[in-house]
Structures are given as structure tokens and as C-alpha cells.
Amino acid sequence: MSTELLSRIARPSFHSKVMQVGDTLKFFRDGQTLGMSGFTPAGYPKAIAVMLGEHVEQNKLQGKMRFKVLAGASTGAETLDNWARLDMLSDLYPYQTGKNIAKRINAGELNFKDVHLSNFPNFLSYGYYGDIDIAIIEATEILPDGSIVPGAASGIAQEVAHHAKQILIEVNTSMPSFKGLHDVVYDQIPPHRRPLMISRVDDRCGEPTVRLDPGKVIGIVESQLPDQGRTLAPPRQDELKIAEHITEFMESLVKRGTLPPNLLPLQSGVGGIANAVMVGFSKSKFQDLELYTEVAQDNVLDLCDAGKLKFCSTAALSFSTGGFQRFYNEFDKYREKFVIRPQAITNHPELIRRLGVISMNTPVEIDMYGHANSTHALGSKLLNGIGGSGDFFRNGFLSIVHTPSTRPSKSDPTGISCVVPFASHVDHTEHDILIYVTEQGLADTRGLDPRKRARLIIEKCAHPDYKDQLLDYLQIAEKRHLPSGSGHQPHLLEVAFQMHVNLQKHGTMKLKSWDVVRNSPVPDQQPWASGASSSGTSQAKSPQSSEPIWYRLAT
């Protein structure tokens, strides 16, 4: 046992449970359910996961040692994504970002359930996912009572510690102790749940550590593997233009009195646009900004250094490798600006709504009526997962979706329009999102009906290569449906996905024309308008109405 490890374990009875990483192999067998700490590539167990991967590969056990894994969100590529490469995952919840993981999911070789991140720890506690055999939790310190101080994230650490039959702890001595940075809240399950006493971003209502039953601990190992943070490229010009639209919009809301001078707490997702938006805020005139978010990236350190950050509540410090080093080098300075909470709290609808969080996230595509697809390319291929975007969109004071207006295809630099007639998969409905932004402009759809919303999204957000095409679709749909009284949100179902199909066939979403009979009568498309089914048979009707009974009941 190293001197540093010994200094991090303040419970004497735990000293006898310290072992080499390889000694934990005896606890694992095919078919087990494992729970893991962490959230994004932060605070996740590394040493044991890497060891297990090496064991499987060296002994050619691919497909013979597979696990069902419950993790807070994604983890580092060297752990679960490597497990997917080695066919070590049978089931995974609730989010992922690994190329190997996604490949197996889309090939039907890995069962994956995409879950709102606020719901996942609750569902786990309700027993929806069955028993947990072993919890593997990363700690930066163990206190005399046996409770642990997590690292850069805790995720679902307290839930898996409570429900698992056995616990393995990795004490990471490559980083300082995060004691005092965490606010771990222990909520009851219904009907014993109580209000969460947080009314400001910097409020705390929990404890600084994750409690656990010392009798469950079967082993403690030392880890010196750092969090494998993601390095983001410098923002592109189109991303900075999106940031500019958002900061200008915020300035206009302050002038109107809708927002206070320092805005309301911000939530920003991950990726290039989210990074650019936070860069935009760091260069703006706003001061004393607060963040109530899932993930803090390097840009939050920039806000802090610029003197613009008042406080940040987050589920994870998801910095790049350089960002982590920067954070550790000035640990005492930065730690005063952060609190790290479990995802059940950072993503809790009650708190998001009470604090008035301004939510900003990036989808795959949006449609003209305001629905957003965050997870599936062309409606079928999983990319990552819904994550926490739904938690924040549905409950935020303002919900802002930002996306480039187009993405390149293999043969056309603007071959993929991110504004389409009908989203090929819907994660967030028109009821969840208020503001739509691309580098082309910003559409404020508050208070607008679907057709006005569609026109504004096309006008402000669509790329010039697609504006006329999208407007043509809308006008044809209106001419078809409005005369028959079925045009609240008019669609052309026979060509609603023609842009997607054209991309698959021809490498672009640009169409020569819509393959539709213009001004075709609605009864041909909606048989109930005349009381007849598509096969020509009659529908049962109410004596008081010419409409079919099933139609009246449905409405």
C-alpha cells in the first residue's frame, strides 16, 4: 500500500481490504450487473475496467465475459467503449458516446435503453433494472465513517452504492481530494419524497460524501489513471455566429425586463456549438453569470478567469486533459466557484423550473414545426442518446435549440439540411422548445401557432439552399388541408421524409420538386372525412354526428 493511498483511507478497518487491481478479477463472472460512478468522462472507475478489458483480450474471452452495466452517463473510451470492442457488454443504460458501443447497438448486438438522465437514478432505485451485483465507485478519499469523497463527478454513485450487493472502491491518488466540492442529496422514493431545499445555484441541501454500508466493501484498489477529458477544437465561424445570435437575444430580453442583468442560470450541453456559446458569453458584457448545468467544460474556467462566473453547479467537471491540469494547478481558486451534485439533482425538473434555468442544447435536426431529433440519424441510426437535454428543455425558463443550418454530405457541402419538414425521429416536441438558432438567425417562437412557427423557422433558421424548398412544402400542405378544415399543422405524409430519402439515394437533401399531387383532395388521404375507410368499408357512426365514433372518442 503506497503512503499516498494510506493517507486517503481514514477508516482503519478498510486497510485490510486494500488489494492489487488484478486481485479483484475473482469477483467478476459472466452475466453480472455492474453499477458505476461517474458522469461523462469524469469520476468513472478506470483501473478495474481497464484490467478486465486486458484480461478478456489476453485470454481471448471476447463474448464469454459480458456484463449489464448501469452508469451515470458515458465514460472514458478506455473503459466501456473498449469493453464494447471486446464484446463485453450485453446491456447498457442510460447514455453513451463510444464509437464501438454505437456500432454494436446499431448492429443489434448490444441492448441499449436511452433514458432521460433525471429519470435514470429514480428508475434504478425503483428496481426497474433488477439487482446490482457489484458497484465500482471512484473515490478521492475515504472518511473515518467509511463514506467516500467522489472525484470530478459522482453520477449515480449513491444509488448504486445503496442497491448493490457488493462494492469495490478505486481510490484515485492522481488527483487531489475533492472533499467539500460535492453536495450529495439522499432523496426518498415515493410516497416519502420531500421538497429539495435549493432556491439558489450555490445552495446546498445534502452531504459532502457518498454514504455506504462498510460491510458491502469487498475490495479497495489504488488508481493513478486520470480522467480522459475531451479536447474541443476552436469554435468555427458558424458556431460563433450562433453564439452571437444567442447573446444578442439575451441582451434584448434584459432590455425588455424579461431577464435580470446577469440573466438566469445557464445550462449548456456538450460539443462544439455549446463550447462556442460559452465562449460568446465570456466575451459578452454579461457579469456574475451562474450555471446550473450537467457538464462544465474548459470554457467555464475561461468564464471564471474573465471574472464573469459567479457560481457553477454541475454534475461533472468534464474538462480536457489540459483543462484538468489547469484546474488542479489552481485548485483552491477554482473550487470556490463550483459544487458537484448527483445527476438526480442537477437534472431534477423541480429545481430546473424553480431556478428558471435557460437551457441550450444541440440536436441532429429540427423540423419546421419545432420538433427536435437529438439521437437518431435518418430516424434509425443511434448516435449518442438523449442525455439530459429533455430534462432541461421541458422544464427550463427558456429552451433554446442550436444547430448548424446544414451539414456536409459525402458529395455536397450543404447536402444535409438540419431543418426538415418532419423530423425523422422526435425526442423533443414542439411543446418543449421555444427558441431555434442556426448561423442563419434566431427564431423566437413563443406564442406562435404551428404555421406561423413554421414560417419563422424557415425564414430565420433554414439555409438559403433550402428555404424555397421548405416553404413550398408548407404552402402545398396548407392548400391541401386548410379548405377541408384539417390544417392546424398541415403535412404531406406521402413526401414528409422525401428529403431524407433523397439523401440516401442521391447524397443530398436538395430536391428538384416534391413528388406530390398538388391540390389533391383531403378525403383521399383522410378517409374518416367521408366516413369511409381506405378499403372502402363503412365506419360506425354516432346518431348525432357524421363523424365515426372512434374519431369522436379520440378527439
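The values are calculated or read from the model by the stated rules, or taken from the named source; none is laboratory data. For clarity, every value in this text was computed on a predicted model and none was experimentally measured. Because the Cβ atoms are built from the backbone with ideal geometry, glycine has one as well, and the counts that use them run over all protein chains shown. To get the accessible areas, we keep the full protein, side chains included, count just its heavy atoms, and leave off ligands, DNA and RNA. Shrake-Rupley method; radii C 1.70, N 1.55, O 1.52, S 1.80 Å.
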Open item on the list: Taking just the alpha-carbon atoms of segment 137-278, what radius of gyration and Dmax come out, in angstrom?
Closed with: 20.3, 59
TODO: Give the carbon-plus-sulfur fraction of the accessible surface of the chain in %, rounded to a whole number; probe 1.4 Å, heavy atoms of protein chains only.
DONE: 50 percent
Open item on the list: No solvent, one uniform scatterer per C-alpha: report log10 I(q)/I(0) for the chain via the Debye equation at q = 0.09, 0.11 1/Å, two decimals.
Closed with: -0.73, -1.01
Task: Magnitude of the charge dipole, the chain, Cβ model with Lys/Arg +1 and Asp/Glu -1, debye to 20 - done: 680 debye
Open item on the list: Could you report the chain's accessible area per residue, 1.4 Å probe, as an integer in Å²?
Closed with: 41 Å²
TODO: Would you calculate a helix-derived [θ] at 222 nm for the chain, using -39,500 (n - 2.57) for each DSSP H run of n ≥ 4 and dividing by the full residue count, to the nearest 500?
DONE: -8000 deg cm²/dmol
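Rank these residues by their accessible area, most exposed first, probe 1.4 Å: Ser147, Ser409. Walk me through the intermediate numbers first.
Working: Ser147 5, Ser409 25 Å².
If we order Ser147, Ser409 from most to least accessible, we get Ser409, Ser147.
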- [ ] Find the Rg to Rh ratio for segment 312-452, where Rh is the Kirkwood radius over alpha-carbon pairs and Rg uses the same atoms.
- [x] 1.04
Open item on the list: Students often get this wrong: which residues of segment 1-36 have the backbone nitrogen under 13 Å from the point 7 angstrom along Cα-to-C-beta of His55?
Closed with: 20-32
Task: Kirkwood hydrodynamic radius over Cα pairs of segment 123-176, then Stokes diffusion coefficient at 37 °C and 0.692 mPa s, in µm²/s - done: 277 µm²/s
- [ ] Find out how many positive minus negative residues lie around Pro195, taking Lys and Arg as positive, Asp and Glu as negative, among other residues whose Cβ is under 12 Å from that of Pro195.
- [x] +1
Task: Residues whose placed amide H lies under 5 Å from that of Thr406, excluding near-sequence neighbours - done: Cys418
Open item on the list: Contact order normalised by length for the chain, with contacts defined as Cα pairs under 8 Å and 6 or more residues apart; what percent is it?
Closed with: 12 percent
Task: Mean projected area (nm²) of the alpha-carbon convex hull when segment 233-342 is viewed from all directions - done: 6.7 nm²
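Please compute the Kirkwood hydrodynamic radius of segment 364-446 from all pairs of different C-alpha atoms, in Å with one decimal. Provide the component values of the computation, followed by the final result.
Values: mean 1/r = 0.0767 Å⁻¹.
That comes to 13.0 Å for segment 364-446.
Give the calculated FRET efficiency between Lys103 and Val501 to the nearest 0.05, with a Förster radius of 22 Å applied to their Cβ-Cβ distance. Don't skip to the answer; put the middle values down first.
Values: r = 24 Å, r/R0 = 1.09.
Computed FRET efficiency for Lys103 and Val501: 0.35.
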Task: Scattering profile of segment 377-503 at q = 0.12, 0.21 Å⁻¹ [log10 I(q)/I(0), Debye over alpha-carbon scatterers] - done: -0.48, -1.47
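So what's segment 36-181 giving for Cα Rg divided by 2.2 N^0.38 Å, two decimals?
Working: Rg = 14.8 Å, N = 146, 2.2 N^0.38 = 14.6 Å.
Scaled against compact globular proteins, the figure is 1.01.
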Task: Kirkwood Rh and Cα Rg combined as Rg over Rh, evaluated for segment 277-365 - done: 0.96
Task: When the convex hull of its Cα atoms is projected in every direction, mean area for segment 287-332 (nm²) - done: 3.0 nm²
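In µm²/s, what is D for segment 1-65 at 4 °C and 1.567 mPa s, where D = kT/(6 pi eta Rh) by Stokes-Einstein and Rh is the Kirkwood radius from Cα pairs?
Numbers: Rh = 14.1 Å.
For these conditions, the coefficient is 92 µm²/s.
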Task: Gain on full stretching of the segment that runs from Val254 to Cys205 - 0.36 nm per residue minus C-alpha separation - done: 14.6 nm
- [ ] Pull out the extension gain between Ser2 and Leu383, defined as 0.36 nm times the separation in residues minus the alpha carbon to alpha carbon distance; nm, one decimal.
- [x] 133.0 nm
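Per the Cauchy relation, a quarter of the hull surface: what is the mean projected area of the convex hull of the alpha carbons in segment 68-114, in nm²?
Details: hull surface 10.4 nm².
The orientation-averaged projected area of the Cα hull of segment 68-114 comes to 2.6 nm².
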